[in-house]
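> One structure follows; several queries about it will come next.
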Amino acid sequence: MGMTMVEKILAKATNQAAVKAGDVLEPRVDMAMSHENGALVINQFSEIYKDTGLDAKVWDPDKIAIIFDHRVPAESSKTAGNQKKIRDFVAKQGIAKFHDIRGDSGGICHQILPEFGYVRPGKVVVGTDSHTTSHGALGAFSFGIGATEMAAVWALGRVLNVEVPGTIKVVCEGKFKRHVAPKDLILHLIGKLTAEGANFKVIEFHGPAIEQMSTSGRQVICNMTVEAGATSGIVPPDQETRRYLQEEAGVKDELDIFGPDADAVYDQAITINVSKLEPQIACPHTVDNVKPIKEVAGIKINQIVIGSCTNGRLDDLAIAAKILKGKKVARQTRMLIFPASTRIYLQALKKGYVTTFMEAGAVVMNSGCGPCLGIHQGALADGDVALATTNRNFKGRMGNPNAEVYLCSPAVAAASAINGVITDPRKGGK
Amino acid sequence: MAKVVFKVGDDVSTDIIYPGRFMATVLPTETPQFAFIDYPEFNAKVKNKEFPPQSIIVGGKNFGCGSSREQAASCLKGPDFVVVARNFSRIFLQNAINLGLKMVICPTIEANEGDELEFSAEQVINKNSGKSFAIEALPKARQVIIDAGGLIPFTRKLLLDTKSSRGI
Ligand code: SF4
C-alpha cells in the first residue's frame, strides 16, 4: 500500500519502512519553533524538571528557533518581561536561531523559518502557533502544538503519541485569472470544507495550478489550511522548492525532493478548477463564511490591513503597489501595511513600494504580527469594519469583539482602499 | 452530578475563550481571570470563584478552534471546569489533555444552563430532560497522558525512567 506525503515523512522520522493513517508514533522533531509564547514554554519546561535532580537542558539547541513577532517592539512591561526571560533562556541554552527585534533579521515566525532556511522538505516541524501549517509549502510536515507539548519536545526531541493523520487530496486545475490569487483558492476551499471539515487531517495539494505557483503562493494556501481545522497542509516539493531554498534562503545542502506514492490512500479527493474562481471574501465572524466578492462589494471599510504570515510577502506588496500607484486611500479609511519580515521590508523599500504606499496615504508599519491579532497595533473601535489580507476574522480578532473583520487577497484590499468600500479589483479603484 | 453553568454555540474560537489581548499573561495560575472575558457576567463569576469544581461548560461543534494559545485551556482548568462539546478542534483538545482539563466529546448533546448532567463511561444523562447522549472516546493515542494526569507528569516520569534504566 502506498504512502501519502505525511506518511512518508513520519515513516522516516520513526525509522520505519512504512506507516499508515491511524498509527500512533513518536516522531523525531527536526525544527521546534516558538515566538513570545516561548515564555510559557520555558515555564512548563522547568515544571517538567522540577524536583527531578536532572539538568534542565534542551535536547538540541540547534533544532530550536525562537522569533519575536507577536508584540514587537513590546507594547507593555509585561511583554517586555516575557521577552527578557526568553533572551536569558536562549543565551543560557545556546539557542542560536533566535530572532530578536532587529531591522536586519526580524519578522513573523512563519516567514523567518523559510527565509533563513530552517525548513527543508521531508522534515518534521512543530511550532507553538497554529499557522505552523505554513511550512508544508516547502514539503515539510509542519503542525501547531501548545506550549506544554513544546516543553516536552524541548526535553525529548520527539512529539509523543502522534496519530498519523489521514489526508485529503486537493487537485487544483486550470490557471488563475487576473486579480485572482492563491488566497481566493484557499478561501474557496475553506468555505467548501467548513471550519472543521479537515479536523485531524492533512490537506495535500496537487495539480498544474500548484505546480505553477510560487513558494509564496504555496505558503498562503498551507498557512490557512488550519482554518478548515487541518493538522497541516503540504505541497510535494519540486523545482520551485529547490529554487526558493537555494536562491532565496541560501541553503547549500542536499534536498530531499519527493512526492507521495502513486497508490497512496486518501480519505477524500477534491478537484478545483482555479480558472473558474472569482475573488473571494471571508465574512464575519468565521473564516468558512466565504462569499464571492459580488455579494459583498460596496460594504464600507474603516480599516484596511495588508500583511501577516498569510499575505505580507514581496509579491503581495507588489500587487498592492501596482494598484495604489498614483492613487489615494479614501479619506474615511485608514490603511495599515506590515511586511512579513524586515528582509521583505527592505526589498519593498528598494523597489519603491513603500514610497507608493506612503504617498497614497497608507501607514507602513514594522514587520511583525501587528494588527493581525490586534494586541498592540491597529486595534478596532466598536462598530468598525476591517478588510484584511490576514487569516482570521473571529469575533474579537483585531482587538475588539464589537468590530467586524472581512478577509481577502492583496488585490482586493488595495482596490478597496481607494474606494473605501469592498471593491472588485477587476473593476478597479476610482 | 454537576450543573451546566455556561452554554456557548458552534465554532467558539480561542479568541473568544481567551482573547489575544491578554496573551502576555501566560501562567496557568493567572489566566482564569480572563476566561470568556467578553461575556462579563460569566467572567465575573469565574473571577469571584462562584462556581464549584467540576461545573460544566457546554459547547457546540469545533470548540476551541483557532490559535494554539494554551491559555484557552489553562483558564478553564484553573477553576476546574468540565467542557462538554459536540467535538473539539485538534490543538485545543491536545492542550486540554496536556493540562489535565476534563473534556467530554458528546456529538448529540442537548443541555441548557442550569441543567444537571451526570456522566457514565458511555453517556451523558441530562437529569432535567431525562435524555441521554452517547460519549465519544478521547483519542486513544493520548490515553496514557490523560491517565498520568497531564503531559508534565508524564514527561517527567519518562525522563526519570530513562535515567534509571541507564543506571545514572
Ligand atoms: S501574523 Fe497573525 S496569524 Fe500570522 S503568526 Fe502573527 S498573529 Fe499569527
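The values are calculated or read from the model by the stated rules, or taken from the named source; none is laboratory data. Bear in mind the structure is a predicted one, so any value in this text is a computation, not a measurement. Ideal geometry is used to build each Cβ from the backbone, glycine not excepted, and the neighbour counts take in all protein chains shown. Remember, those area values only see protein heavy atoms, side chains included, never the ligands or the DNA or RNA. Shrake-Rupley method; radii C 1.70, N 1.55, O 1.52, S 1.80 Å.
> Counting only residues that are touching a residue at least 60 places away in the same chain (Cβ under 8 Å) and within 15 Å of the ligand (Cβ to nearest atom), which one in the range A:381-396 is farthest from the other protein chains (Cβ to nearest Cβ)?
Residue satisfying both the conditions and the ranking: A:389.
> In the range A:189-200, is there at least one residue being more than 16 Å from the ligand (Cβ to nearest atom) and more than 14 Å from chain B (Cβ to nearest Cβ)?
Checking the range A:189-200: at least one residue is more than 16 Å from the ligand (Cβ to nearest atom) and more than 14 Å from chain B (Cβ to nearest Cβ).
> So the check is Cβ under 6 Å with 6+ separation or different chains; which pairs have a first residue in the range A:151-166 that's more than 8 Å from every other protein chain (Cβ to nearest Cβ) and a second one that's part of a loop (DSSP other than H, G, I, E, B) and of a type in the set (S, T, N, Q)?
Between residues of the range A:151-166 that are more than 8 Å from every other protein chain (Cβ to nearest Cβ) and residues that are part of a loop (DSSP other than H, G, I, E, B) and of a type in the set (S, T, N, Q), the close pairs are A:165/A:231.
> If I filter the range B:30-50 for residues that are within 14 Å of chain A (Cβ to nearest Cβ) and among the β-branched types (Val, Ile, Thr), do I get at least one hit?
The answer is yes; a qualifying residue exists.
> Taking the range B:14-57 on its own, how many of its residues are within 16 Å of the ligand (Cβ to nearest atom), within 17 Å of the chain's Cα centre (by Cα) and either without any contact (Cβ under 8 Å) to a residue 12 or more places away in the chain or not assigned by TED's automatic domain parsing to the domain that holds residue B:103 (or both)?
So the count comes out to 0.
> Moving on. If you check residue A:117 against the conditions, is it farther than 20 Å from residue A:288 by Cα, in a loop (DSSP other than H, G, I, E, B) and in contact with a Phe, Trp or Tyr (Cβ under 8 Å, 6 or more places away or on another chain)? Quick ask: steps written out before the conclusion?
Values: farther than 20 Å from residue A:288 by Cα: yes; in a loop (DSSP other than H, G, I, E, B): yes; in contact with a Phe, Trp or Tyr (Cβ under 8 Å, 6 or more places away or on another chain): no.
Taking the combined requirement at face value, the residue does not satisfy it.
> Confirm whether residue B:157 is among the charged types (D, E, K, R) and over 21 Å from residue B:28 (Cβ atoms).
Here the answer is no, as residue B:157 does not meet what is asked.
> Considering each of A:323, A:304 in turn, give the residue that is in a helix (DSSP H, G or I) and under 20 Å from residue A:182 (Cβ atoms). Explain how you work it out, then say what you get.
Details: A:304 fails: in a helix (DSSP H, G or I).
A:323 is the lone residue from the list that is in a helix (DSSP H, G or I) and under 20 Å from residue A:182 (Cβ atoms).
> Condition first: buried (at least 21 other Cβ atoms within 10 Å of the Cβ) and more than 26 Å from residue A:101 (Cβ to Cβ). Now tell me which residues in the range A:365-395 satisfy that.
Passing the criteria: A:387, A:393, A:394.
> Which members of the range B:52-72 meet the condition of being in contact with a helix residue (DSSP H, G or I) (Cβ under 6 Å, 6 or more places away or on another chain) and either more than 10 Å from chain A (Cβ to nearest Cβ) or in a loop (DSSP other than H, G, I, E, B) (or both)?
Passing the criteria: B:64, B:66, B:67, B:68, B:69, B:70.
> Still on this model: Given (1) more than 22 Å from residue A:112 (Cβ to Cβ); (2) modelled with pLDDT of 95 or more, identify the lone condition not met by residue A:427.
The failed condition is (2).
> A further question follows. Among the residues in the range A:64-77, are any surrounded by 18 or more Cβ atoms within 10 Å (Cβ to Cβ), within 23 Å of residue A:367 (Cβ to Cβ), away from the ligand (no atom under 16 Å from the Cβ) and charged (D, E, K, R)?
no
> Another question, if that's okay. Could you pull out every one of the strands (runs of 3 or more DSSP E) wholly within the range B:97-163 that has 2 or more residues that are crowded, with 18+ Cβ neighbours inside 10 Å? Explain how you work it out, then say what you get.
On the way: elements: B:102-105, B:116-119, B:123-126, B:132-134.
Strands (runs of 3 or more DSSP E) meeting the threshold: B:102-105, B:116-119, B:123-126.
> Considering only residues of the range A:41-53 that are open to solvent by 50 Å² or more (accessible area, probe 1.4 Å) and without any contact (Cβ under 8 Å) to a residue 40 or more places away in the chain, which is farthest from the other protein chains (Cβ to nearest Cβ)?
A:46
> A further question on this structure: Does residue B:42 satisfy being closer than 29 Å to residue B:132 by Cα, aromatic (Phe, Trp, Tyr) and part of a helix (DSSP H, G or I)?
On the way: closer than 29 Å to residue B:132 by Cα: yes; aromatic (Phe, Trp, Tyr): yes; part of a helix (DSSP H, G or I): yes.
So residue B:42 passes the test.
> Suppose we keep only residues that are more than 14 Å from chain B (Cβ to nearest Cβ) and of a type in the set (Asp, Glu) within the range A:286-334. Which one would you say is farthest from the ligand (Cβ to nearest atom)?
Restricting to residues being more than 14 Å from chain B (Cβ to nearest Cβ) and of a type in the set (Asp, Glu), the top hit is A:295.
> If you go through the range A:85-124, how many residues are within 14 Å of chain B (Cβ to nearest Cβ) and away from the ligand (no atom under 13 Å from the Cβ)?
Result for the range A:85-124: 3.
> Would you be able to say whether some residue in the range B:76-88 is facing chain A (nearest Cβ under 10 Å), open to solvent by 10 Å² or more (accessible area, probe 1.4 Å) and not in a strand (DSSP E or B)?
yes
Residue by residue, here is whether (1) among the charged types (D, E, K, R); (2) surrounded by fewer than 24 Cβ atoms within 10 Å (Cβ to Cβ); (3) not assigned by TED's automatic domain parsing to the domain that holds residue A:363 holds:
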site: A:226; (1), (2), (3): no, no, yes
site: A:253; (1), (2), (3): yes, yes, yes
site: A:263; (1), (2), (3): yes, yes, yes
site: A:284; (1), (2), (3): no, yes, no
site: A:287; (1), (2), (3): no, no, no
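> Answer with yes or no whether residue A:337 is crowded, with 22+ Cβ neighbours inside 10 Å, under 19 Å from residue A:379 (Cα atoms) and away from the ligand (no atom under 16 Å from the Cβ).
no
> Would you mind finding the one in B:146, B:125, B:105 that is within 11 Å of chain A (Cβ to nearest Cβ) and either over 30 Å from residue A:155 (Cα atoms) or not hydroxyl-bearing (Ser, Thr, Tyr) (or both)?
Checking each option against the conditions leaves just B:146.
> Spot the failing condition for residue A:253; the list is (1) modelled with pLDDT of 95 or more; (2) away from the ligand (no atom under 16 Å from the Cβ); (3) assigned to a loop (DSSP other than H, G, I, E, B), and only one is missed.
(1)
> Test residue A:233 against the criterion of being over 20 Å from residue B:61 (Cβ atoms), within 14 Å of chain B (Cβ to nearest Cβ) and buried (at least 24 other Cβ atoms within 10 Å of the Cβ), and give yes or no.
Taking the combined requirement at face value, the residue satisfies it.
> Please tell me if residue B:11 is surrounded by 21 or more Cβ atoms within 10 Å (Cβ to Cβ), at the interface with another protein chain (Cβ under 9 Å from one of its Cβ atoms), touching a residue at least 24 places away in the same chain (Cβ under 8 Å) and part of a loop (DSSP other than H, G, I, E, B).
Yes; evaluated as a whole, the condition is true for this residue.
> For residue B:94, which of the numbered conditions (1) in a helix (DSSP H, G or I); (2) under 16 Å from residue B:55 (Cβ atoms) fails to hold?
(2)
> If you don't mind, another one. Restricting attention to the range A:397-410, and to residues there that are away from the ligand (no atom under 14 Å from the Cβ) and open to solvent by 10 Å² or more (accessible area, probe 1.4 Å), which single residue is farthest from the other protein chains (Cβ to nearest Cβ)?
Among them, the one singled out is A:406.
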